[in-house]
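The values are calculated or read from the model by the stated rules, or taken from the named source; none is laboratory data. These figures come from a predicted structure and were not determined experimentally. Here the Cβ positions follow ideal geometry from the backbone for every residue, glycine too, while neighbour counts run over all protein chains shown. Accessible surface is based on the protein model in full, side chains and every heavy atom, while ligands, DNA and RNA are left aside. Shrake-Rupley method; radii C 1.70, N 1.55, O 1.52, S 1.80 Å.
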Amino acid sequence: MNAELKKIVRSVRENTGIDIHVYSAEGRPLSHPGEPAVPGLPDGIVQSASPARTLFRASFRSERFICAIEGAGSEQRNYAFLLADLIENSFGRSLELPKGEFVRRILLGECDPADVQRFRAKYGVPDLPCFVLALAAEGKASDVVALLSQYAEGEADCAVPVSGKDCAFVKFAGEDSDYQSPTDFADFLARSLYEELGIRCRIGVGGVSRRFEEAGVSYRQACEALRMSAMFGAKGSVHGYREFLLVRMLEDLPAGKRSEYLSILLDGEAKELLKDEDMVGTAEEFLENSLNVSETSRNLYMHRNTLMYRLDKIERVTGLNLRKFSDAVSFRLITILSKLV
C-alpha cells in the first residue's frame, strides 16, 4: 500500500479509533493482509448487515481504492463521506502549510519522504549539511523565534516554535560560516537571547546531517541532549548530543544489566558515599576539569588540601583513585548508572 496513504490511515486510527480497511479498486486487501477480498464497488457508499460494515470509494494521487469501516448506521455513513474527503484531499494539503508549520512537522517525523521533497522544491532548500538546535526558553516562543530568525543566513535557515515554549532552529552549515561549530553557534544564540531580550534558555545541539531529509534525526538528538543535561544537572546552557553518548549507550541496556553492573562497581559503604552531595559534587567537578587539582580547587573556592582529603576519602571508600584516568572513567560510570537505576 502507498506509504503516504498508510500514514493517513494510521493517523485516523490513532486520533479517532476508526480503523480503515483499504482494498485495491478490484477488491484485493491492502491494509490488512489475509482478509478476504471484497467485490467491486460502484461509486457511492454501500452498507452491509453481515458483517456490519460501510464501504466507500476514495481516490489518492489519481489511484482508486475501496475503503471499509466497521458499523453500518447513519453515523458510519457520515464518517465515510468525511474520510473519503480526507483521503482525496490530503495530498495537496501539505503544500498549503506555512513554511514554519511544514518545518515543525518534518522535525517531528510527521512528514514522509515525499512531503520533504515537496518542501525542498517549494522553498529551494540547498543540498548542504545541516544541524538542528532544540531550545527550551523562559520567554514567549514567538519572541524567541523572532530573534532567532534575525540570525538565519539565507532562505533555508529557519526558526520555528515546536510546542509550548520549546523552539527549534534549522541551520545549514555552509563553508563560509562565521562559527567554528554548531555548539559555537548555539553559544552565540544563547548569549544573544539573554543580552537582547533578557531570556535565559537551554539549547540542545543535534549532530550534523548530510542532507535536509535527516534533519528530524538531528532534532531528536538535540532534544535528547536537553533531556539528559537536565537529568544530570549539567553546567552551562548549551549541550551537544555527543556529550551524552555514553549515557545513551547505558540507557539502551536492559534495566537488569544496569543494576548488575552497578552492584559490581559499588559495595555498601560506597553506596552511602553517593548520597553525600558534597563529595559527589567535588568528584564531578574534578572530572569536568580534566583531573586538574589546581583548576578544581579554584572553581570550587576550596583549599587544595581539602580537595585532596576528599579525593583520598573517595579512594578509601570506593577503591577508585580519581587522579588515574581509568578509575575516573569507572567513577563516571557509577554516577551515570546510579541515576539511571
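Listed here are the residues, each with its yes/no results for (1) within 33 Å of the chain's Cα centre (by Cα); (2) open to solvent by 60 Å² or more (accessible area, probe 1.4 Å); (3) farther than 25 Å from residue 136 by Cα.
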{"residue": "206", "(1), (2), (3)": "yes, no, no"}
{"residue": "214", "(1), (2), (3)": "yes, no, no"}
{"residue": "222", "(1), (2), (3)": "yes, no, no"}
{"residue": "232", "(1), (2), (3)": "yes, no, no"}
{"residue": "239", "(1), (2), (3)": "yes, no, no"}
{"residue": "256", "(1), (2), (3)": "yes, no, yes"}
{"residue": "259", "(1), (2), (3)": "yes, no, yes"}
{"residue": "310", "(1), (2), (3)": "no, no, yes"}
Note to self: List pairs: first residue in the stretch 252-280 and closer than 15 Å to residue 320 by Cα and in a helix (DSSP H, G or I), second residue acidic (Asp, Glu) and open to solvent by 60 Å² or more (accessible area, probe 1.4 Å) anywhere in the structure, Cβ distance under 6 angstrom, at least six positions apart or on different chains.
What the structure shows: none
Item checked: Residue selected from the stretch 268-290 under the condition acidic (Asp, Glu) and open to solvent by less than 50 Å² (accessible area, probe 1.4 Å), by the criterion nearest to residue 318 (Cα to Cα) -> 284
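Residue-by-condition table, conditions (1) in a helix (DSSP H, G or I); (2) on the phi < 0 side of the Ramachandran plot; (3) β-branched (Val, Ile, Thr); (4) in contact (Cβ under 8 Å) with a residue 60 or more places away in the chain:
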residue	(1), (2), (3), (4)
35	no, yes, no, no
66	no, yes, yes, no
82	yes, yes, no, no
111	no, yes, no, no
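Every residue, every condition in (1) small (Gly, Ala, Ser); (2) under 21 Å from residue 124 (Cα atoms); (3) open to solvent by less than 50 Å² (accessible area, probe 1.4 Å), yes or no:
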| residue | (1), (2), (3) |
| --- | --- |
| 37 | yes, no, no |
| 59 | yes, no, yes |
| 66 | no, no, yes |
| 70 | no, no, no |
| 84 | yes, no, yes |
| 103 | no, yes, yes |
| 107 | no, yes, yes |
| 111 | no, yes, yes |
Next item on the list: Among the residues of the stretch 285-341, write down those that are of a type in the set (A, V, I, L, M), touching a Ser or Thr at 6+ places or on another chain (Cβ under 8 Å) and part of a loop (DSSP other than H, G, I, E, B).
Entry: 300, 302, 320, 341
Margin query: Cβ contacts < 6 Å: first residue at pLDDT 95 or above and among the aromatic types (Phe, Trp, Tyr), restricted to the stretch 210-228; second residue in a helix (DSSP H, G or I) and buried (at least 19 other Cβ atoms within 10 Å of the Cβ), any location; separation 6+ or different chain. Result?
Written below: 219/107
